[in-house]
1. Which whole-number percent is the relative contact order of chain A (Cα, under 8 Å, 6+ apart)?
2. Subtract the Cα-Cα distance of A:Ala95 and A:Asn2 from 0.36 nm times their separation in residues, and report this length gain in nm to one decimal.
3. List the relative contact order of region B:1-142 as a percent without decimals, with contacts defined as Cα pairs under 8 Å and 6+ residues apart.
4. Using the Kirkwood radius over C-alpha pairs as Rh, can you work out the diffusion coefficient of the protein assembly as shown via Stokes-Einstein at 37 °C, viscosity 0.692 mPa s, in µm² per second?
5. Mind checking the dipole of region B:8-151: about its Cα centre, +1 per Lys or Arg Cβ, -1 per Asp or Glu Cβ, Debye to the nearest 20?
6. Starting from the Cα-Cα distance between A:Val162 and A:Ala13, subtract it from 0.36 nm times their residue separation and give me the gain in nm to one decimal.
7. Any idea what angle helix B:185-202 forms with the longest principal axis of chain B, computed on alpha-carbon atoms, 0 to 90 degrees, nearest 10?
8. Test of understanding: ordering A:Ile11, B:Ile67 by Cβ neighbours within 10 Å, fewest first, what list do you get?
Amino acid sequence: MNTNKNSYIFIYASVMVIIVAFLLAFVSSALKPIQQKNVELDKKKQVLAALNIFEKDAEAAYNTYVKADQLLNADGTVAAENGGFAVENAAVSEAQLPLYVCEVEGETKYVLPLYGAGLWGPIWGYVALNADKETIYGVYFSHAGETPGLGAEITNRDKFQVPFIGKKALNAAGDVVISVVKNGKVQNAECEVDGISGGTITSNGVDAMLKNSISLYKAFLTQKCEKACAAEAECSENSECSEQCQTEVVNE
Amino acid sequence: MSLFSKQNMEALKTPLGMNNPVTVQVLGICSALAVTAQLKPAIVMGLSVTIIVAMANVIISLLRNTIPNRIRIIVQLVVVAALVTIVSEILKAFAYDVSVELSVYIGLIITNCILMGRLEAFAMGNSPWPSFLDGIGNGLGYAKILVIVAFIRELFGSGCLFGIQVIPAWCYEHGYINNGLMLMPPAALIIVGCIIWYQRARHTELQEEQN
């Protein structure tokens, strides 16, 4: 058979493309439900990782610790009690702000989604804040394709993520103060974390991501007093809290 | 012809040494630079490439008499791309953690010159079984270089192997510091260069004749 005839080449190419297209479409649609499940489970694991929880059965742990996946309005009011989980990190905007309200060892924690840009592609993560809405309880970062050993080290829990715990995310004015600085240049240990040497652009990306993503929640994070104080009747005994309440009243 | 005849074993063995895809054929350098900052991704990448070269070699070898000469590169590319996509989909469904770990590297296999090089140079002219062995041999030859480079880079770049600290703390206390260059892609190029240098110096038959 002459395999160099034009008609043969056209038929060969068409048949090949059709076969491959059907094969890929079949594989993709057959595996879609399983993949979707994996993606959801992975997201739950990521939320739990921000809460420093690494249990084998992520599904059960998620249901235990995460009380609600709320959707907030830009002014900090709750738009919906559920449905935050369905919002992709990339789609978080002022129009829809997912907030995971969690309870760990009797204390309320808030988990906020993060999304930003690294060197080669997107980076994302979650940050868990304590009930004071100021200090960081835990973080989780991940990336699509940062360089292994360099930028990809943002996923290194012990080296990069643990130092965030206990740092201040916001100052009293509600500005995001948590920053990632050049490795070894930490001046204010209260709110600065060492970057990764050799992974400067990714570290800067994490810094920008924290600032951008957390500041979307500014309205929610600064409205602490009415609720916190109302919840604790003995607020007056807590001088720090009452001070904050007073300043807020003055501001209004 | 027996399955493990001398000729077949040669197809399997020479890529590991005298006809190494990276150091002698100088194929697949790009990914050798990208994934060798740590041992783990280097090993996984090496194994994935081995599996995919072997499978693609077999498929192309089966089709070799029907492929029109003028579009053979396109056919090879379609086969490789389809294989890589299927493997990536399967990983996403059944080994999600691994697929997250590999992220973009699975996709990068498509662009690995070893694949096209072996399909064009071997599978187009040989029957399936030797092609399979050739694929395994070349994949392992590639993996071998990747592991050597990654070992050196991870050890001197971050003082770890497989992410476990191996250079003891007292070394750092006495002024030892990790070599930042080792973490950069140029270091991989320099190490690959040194390996090629060593191999050519030992095996003079690899050297081109000087005119």
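Read-outs: derived from the displayed coordinates by stated rules, not from any lab. No experiment lies behind these values; they were computed from the predicted model shown. So basically every Cβ, Gly included, is an ideal-geometry build from the backbone, and we count neighbours across all protein chains shown.
1. Values: 417 pairs, mean separation 34.1, N = 252.
Answer for chain A is 14 percent.
2. On the way: separation 93, 0.36 × 93 = 33.48 nm, distance 6.27 nm.
Stretched out fully, the A:Ala95 to A:Asn2 stretch lengthens by 27.2 nm.
3. Details: 167 pairs, mean separation 68.9, N = 142.
Here the relative contact order equals 49 percent.
4. Values: Rh = 25.6 Å.
This corresponds to a translational diffusion coefficient of 128 µm²/s.
5. Working: 8 positive and 6 negative charges, 45 e Å.
Its charge dipole is roughly 220 debye.
6. Details: separation 149, 0.36 × 149 = 53.64 nm, distance 5.42 nm.
So the chain would gain 48.2 nm between A:Val162 and A:Ala13.
7. It works out to around 70 degrees.
8. Details: A:Ile11 12, B:Ile67 20.
Lowest count first: A:Ile11, B:Ile67.
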